[in-house]
1. For Thr37, indicate whether it is over 23 Å from Ala211 (Cα atoms), in a helix (DSSP H, G or I), modelled with pLDDT under 75 and among the β-branched types (Val, Ile, Thr).
2. Taking the stated definitions as given, is Ala404 in a helix (DSSP H, G or I) and at pLDDT 90 or above?
3. For segment 426-447, give me the residue count where each residue is surrounded by fewer than 16 Cβ atoms within 10 Å (Cβ to Cβ) and of a type in the set (A, V, I, L, M, F, W, C).
4. Quickly run through segment 181-208 and pick out the residues that are free of Cβ contacts under 8 Å to residues at least 40 places away in the same chain and either buried (at least 19 other Cβ atoms within 10 Å of the Cβ) or in contact with a helix residue (DSSP H, G or I) (Cβ under 8 Å, 6 or more places away or on another chain) (or both).
5. So the check is Cβ under 8 Å with 6+ separation or different chains; which pairs have a first residue in segment 463-478 that's touching a residue at least 60 places away in the same chain (Cβ under 8 Å) and a second one that's part of a loop (DSSP other than H, G, I, E, B)?
6. Among the residues of segment 345-398, write down those that are among the charged types (D, E, K, R) and either assigned to a helix (DSSP H, G or I) or touching a residue at least 12 places away in the same chain (Cβ under 8 Å) (or both).
7. What do you reckon, is Val456 assigned to a loop (DSSP other than H, G, I, E, B) and either touching a residue at least 12 places away in the same chain (Cβ under 8 Å) or under 24 Å from the mean Cα position of the chain (by Cα) (or both)?
8. Looking at segment 114-130, which of its residues are buried (at least 20 other Cβ atoms within 10 Å of the Cβ) and more than 20 Å from Phe409 (Cβ to Cβ)?
Amino acid sequence: MKIVAAPRLIKGFLTVGSWTLLSRIMGFARDVMIAATLGAGPVAEAFLVAFSLPNMFRRFFAEGAFNMAFVPMFSKKVEAGDGAGEFARDAFTGLASILIVFTLIAQVAMPWLVLMMAAGFVEDQRFDLAVLYGRICFPYILLISLAALLCGVLNSVGRFVAAAAAPVLLNVALIVPLIIGYRLGWDPGLTLSWTVPLGGVLQLGLVWIAAARAGFTLVPRRPRLTPELRRLAVIAAPAALAGGVMQVNLLVGRQVASFFDGAIAWLNYADRLYQLPLGVVGIAIGVVLLPELSRRLRAEDDAGGRDALSRAAEFALILAVPSAVAFLVIPMPLVVTLFQRGAFGPDDAAATALALAIYGLGLPAFVLQKVWQPLYYAREDTVSPFRFALVSLVVNVVVAIGLAPYVGFVSAAFGTTIAGWAMAILLIRGARGMGETARVDARFRRRLPRILIASVAMGVTLWIGSVALGSLFGGPWQFAALALLIAIGVISYFGIGNLVGAVSVKQIRASMRR
């Protein structure tokens with residue numbers, strides 16, 4: 001029996017995407033304040049490395065390996081009415097137990113963790129600062145990982161709002177104390193570091209209350225290794241290894257950047273910009289598609305699974321391709337307007353814009369990964385993505401290290417982008433043997449070239465607009481100029497997209513009404 005749920009799927013994408021967009025906008029506000037206060041100096045680089053440590057490991061324990069294994073198993077239990085609450089409580093307890101021990105070990109090993117992240121900090125004031133900030137920030141891994149598990153519970157039962165809204169609280173927790181601290185003369189590095197675990201407490205509290213209201217009150221108890229948790233561990237292990245490989249990819253980039261003064265900050269600010277569409281699209285798809293595919297596999301609904309995959313890929317590229325074109329065409333107006341002020345000067349803006357353009361080339365690949373990975377995880381196949389991740393690691397290392405003597409710090413961005421495309425291609429090719437569910441439909445194949453046409457036309461329009469408005473950037477009217485330029489791009493893309501059949505606003509509205 002076919003389960004028709006494309007409208008529900010798109011509604012889920014838009015719900016999660018809207019909250020993620022708000023979170024990323026607030027994240028921009030946070031990064032603008034950090035850039036203006038700290039620039040690309042040693043305190044900024046030390047904090048960014050320290051903050052990246054729990055965020056790196058969260059991809060193992062949070063929305064990474066653990067959740068990729070947990071969500072399909074939990075979704076199938078919900079569908080079958082088979083002890084989903086007990087399974088979730090045991091998983092919550094087990095994850096908390098592991099992470100408490102891991103956090104304590106990290107406090108002792110923090111100098112080595114910082115060295116692993118940024119060897120270029122050695123014999124530099126950045127090293128001691130990064131160790132101090134890292135010890136303060138690291139407990140965030142415990143809080144955000146437990147919050148991510150609760151988000152998986154909520155998403156599996158179709159409750160997306162609280163889970164999608166939780167990241168907003170982290171940005172609130174960072175922005176408000178930074179404003180207060182600036183007025184009261186607090187040390188900005190320590191202020192930012194202490195607010196990271198505060199944000200984790202707020203996020204965990206929100207989703208715990210939402211899960212309790214949904215009927216899943218997860219209170220830790222004495223850990224026990226049940227047969228289901230053993231199976232969860234077996235499935236999660238290869239996914240953790242794959243996540244480890246992806247983190248090594250990030251480490252390669254940071255290590256290369258750490259040998260160029262200011263490069264870690266430049267790459268971080270560029271990353272924040274391209275993470276906006278990646279987060280809005282990629283996170284929305286990853287959150288909604290995995291439980292959807294898991295339910296369809298249990299119902300043996302191949303046609304419905306194919307429709308879900310095709311609509312997810314369509315939704316991803318409708319937003320990712322024009323975003324990539326914009327990053328290639330107008331990186332300087334974006335970076336100058338958002339970041340160039342205070343301690344962040346014109347040279348910093350130029351370097352960040354160059355990195356942003358290179359990251360933009362890889363944006364479609366990163367969102368396609370988010371679409372095709374759930375095909376594997378819904379089948380509890382975590383080994384294949386691990387093998388593909390190993391290949392992408394080799395590509396990244398060769399490119400990032402090999403190009404560094406010739407192109408400098410941007411070799412890290414080139415490595416990330418090319419490795420992203422390698423991973424996406426391998427995931428798509430590897431799914432060919434999965435049957436009808438893993439094949440896009442005729443509607444997607446018709447729309448793909450039309451999306452490309454509309455995006456290129458938008459890029460030409462943006463270039464003309466940036467030339468016409470160029471004198472306004474860097475002056476008092478720069479925010480108005482950027483807003484006008486973005487509006488021109490959006491109107492041209494959706495206008496041309498409707499004409500050529502790339503996007504249908506009417507269909508999106510219809511999905512939201514259902």
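1. On the way: over 23 Å from Ala211 (Cα atoms): yes; in a helix (DSSP H, G or I): yes; modelled with pLDDT under 75: yes; among the β-branched types (Val, Ile, Thr): yes.
Here the answer is yes, as Thr37 does meet what is asked.
2. Spelling it out, it is not the case that Ala404 is in a helix (DSSP H, G or I) and at pLDDT 90 or above.
3. Qualifying residue count for the region: 1.
4. Step one: of segment 181-208, the residues free of Cβ contacts under 8 Å to residues at least 40 places away in the same chain are 181, 183-187, 191, 195, 198, 202, 205.
Within segment 181-208, Gly181, Trp186, Asp187, Thr191, Thr195, Leu198, Leu202 meet the criteria.
5. As it stands, the answer is Trp463/Ile330; Ser466/Ile330; Gly474/Gln340, since those pairs meet every condition given.
6. First, the residues of segment 345-398 that are among the charged types (D, E, K, R): 347-348, 370, 379-381, 387.
Of everything in segment 345-398, those that are among the charged types (D, E, K, R) and either assigned to a helix (DSSP H, G or I) or touching a residue at least 12 places away in the same chain (Cβ under 8 Å) (or both) turn out to be Asp347, Asp348, Lys370, Arg379, Glu380, Arg387.
7. Against the criterion (assigned to a loop (DSSP other than H, G, I, E, B) and either touching a residue at least 12 places away in the same chain (Cβ under 8 Å) or under 24 Å from the mean Cα position of the chain (by Cα) (or both)), Val456 does not qualify.
8. Hit for segment 114-130 is Leu129, nothing else.
The values are calculated or read from the model by the stated rules, or taken from the named source; none is laboratory data. None of the values given here were measured: they were computed from a predicted structure. Reconstructed Cβ throughout: ideal geometry from the backbone, glycine too, with neighbour counts over all protein chains shown.
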